[in-house]
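Here is the structure we will look at, set down as structure tokens.
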Amino acid sequence: MIGPACRRWTSGVGDARRRHIPLSVSDGYGDDVFDLNSIDLEEIATALADQSAYEHRWLIDPSSGAVVFWTSDTGIDGRTPVDLDELDLIAIDPLPSHVWYEDMADFAERLSNERAGQRLSRAIAGRGAFRRFKDELHQEYADLVPTWNAFRDVRALRRAVEWLADNALIADDAAAQYLDRHTDPDVP
């Protein structure tokens with residue numbers, strides 16, 4: 001596997017994997033894993049970042065790689081309630097907010113404009129850090145918004161690939177190649 005970092009963030013997934021992934025997918029050998037290009041990484045990244053407190057779950061179908069959205073009221077088809085235990089799907093548990101917070105801190109630290117870096121670092125101190133960071137960035141440093149978006153998106157997609165590898169849904173070598181090719185973008 002790529003490393004223990006994602007496994008730590010997705011506690012409980014290992015148990016779900018043993019219960020829900022058919023052996024042909026979870027064994028991680030040969031052709032029984034997905035081609036990375038056939039998976040919607042953006043959807044998995046969205047699921048990993050979803051910090052909302054609503055009664056819903058993001059799930060991935062281990063036989064097709066399709067990501068679905070489940071709620072207790074509307075199931076996965078938007079109409080029919082279904083119990084999660086009845087589904088042969090893997091839960092995509094969100095990563096803790098501190099993971100996403102680190103992206104803001106790293107971005108602010110890498111800025112060559114010391115004033116911007118210091119202001120963004122101050123903005124993320126304490127409660128409400130995400131909103132204050134966004135407000136400071138958009139109001140005072142709008143020219144950095146595209147750079148921030150690219151930085152945040154690359155990291156989110158890398159986490160999606162790590163999650164897929166840690167859950168034996170893609171080959172480790174495919175994950176390693178992706179991660180090698182998609183490093184953090186330069187920050188001015």
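The values are calculated or read from the model by the stated rules, or taken from the named source; none is laboratory data. Predicted model, so just to flag it, every value in this text is computed and none were measured. Backbone-built Cβ (ideal geometry, glycine too); neighbour counts: all protein chains shown.
Identify, from the list THR183, THR80, the residue that is hydroxyl-bearing (Ser, Thr, Tyr), closer than 30 Å to PHE34 by Cβ and free of Cβ contacts under 8 Å to residues at least 12 places away in the same chain.
Result: THR80 is the single residue among THR183, THR80 that is hydroxyl-bearing (Ser, Thr, Tyr), closer than 30 Å to PHE34 by Cβ and free of Cβ contacts under 8 Å to residues at least 12 places away in the same chain.
If you go through region 109-116 one residue at a time, do you hit one that is of a type in the set (S, T, N, Q) and at pLDDT 95 or above?
Within region 109-116, one or more residues are of a type in the set (S, T, N, Q) and at pLDDT 95 or above.
Please tell me if PHE69 is surrounded by fewer than 19 Cβ atoms within 10 Å (Cβ to Cβ) and aromatic (Phe, Trp, Tyr).
Working: surrounded by fewer than 19 Cβ atoms within 10 Å (Cβ to Cβ): yes; aromatic (Phe, Trp, Tyr): yes.
So PHE69 passes the test.
Give me the pairs, please: first residue somewhere in region 124-140 and free of Cβ contacts under 8 Å to residues at least 12 places away in the same chain, second residue anywhere and part of a helix (DSSP H, G or I) and surrounded by 12 or more Cβ atoms within 10 Å (Cβ to Cβ), beta-carbon distance under 8 Å, and either six or more positions apart or on two chains.
What qualifies is ARG132/ALA123; HIS138/VAL145.
So, in region 80-118, of the ones that are β-branched (Val, Ile, Thr) and not in a helix (DSSP H, G or I), which residue ends up surrounded by the fewest Cβ atoms within 10 Å (Cβ to Cβ)? Walk me through it before giving the result.
So the first thing to find is which residues in region 80-118 are β-branched (Val, Ile, Thr), and the list is 80, 82, 90, 92, 99.
After this cut, where a residue has to be not in a helix (DSSP H, G or I) as well, the list is 80, 82, 90, 92.
Numbers: THR80: 9, VAL82: 14, ILE90: 21, ILE92: 26.
Selected residue: THR80.
I'm trying to understand the selection: among the residues of region 27-55, which are surrounded by 13 or more Cβ atoms within 10 Å (Cβ to Cβ) and either at pLDDT below 90 or of a type in the set (A, V, I, L, M) (or both)?
Of everything in region 27-55, those that are surrounded by 13 or more Cβ atoms within 10 Å (Cβ to Cβ) and either at pLDDT below 90 or of a type in the set (A, V, I, L, M) (or both) turn out to be GLY28, ASP32, VAL33, LEU36, ILE39, LEU41, ILE44, ALA45, ALA47, LEU48, ALA49.
Regarding ALA156, is this residue of a type in the set (Gly, Ala, Ser), in contact (Cβ under 8 Å) with a residue 24 or more places away in the chain and surrounded by fewer than 18 Cβ atoms within 10 Å (Cβ to Cβ)?
no
Would you confirm whether any residue within region 8-23 is more than 27 Å from VAL145 (Cβ to Cβ), more than 15 Å from the chain's Cα centre (by Cα) and modelled with pLDDT of 90 or more?
The answer is no, given that none of the residues of region 8-23 is more than 27 Å from VAL145 (Cβ to Cβ), more than 15 Å from the chain's Cα centre (by Cα) and modelled with pLDDT of 90 or more.
Just give me the residues in region 137-152 being in a helix (DSSP H, G or I) and surrounded by 15 or more Cβ atoms within 10 Å (Cβ to Cβ), in sequence order.
Within region 137-152, LEU137, LEU144, THR147, TRP148, PHE151, ARG152 qualify.
Please enumerate the residues belonging to region 93-123 that are in contact (Cβ under 8 Å) with a residue 40 or more places away in the chain, farther than 26 Å from HIS56 by Cβ and of a type in the set (S, T, N, Q).
SER112, ASN113
Checking ASP135 against (1) in contact with a strand residue (DSSP E or B) (Cβ under 8 Å, 6 or more places away or on another chain); (2) at pLDDT 95 or above: exactly one of these is not met. Which one?
So the condition that ASP135 fails would be (1).
Go through region 151-188 and count every residue that is β-branched (Val, Ile, Thr) and more than 17 Å from ASP106 (Cα to Cα).
Looking only at that region, the number is 2.
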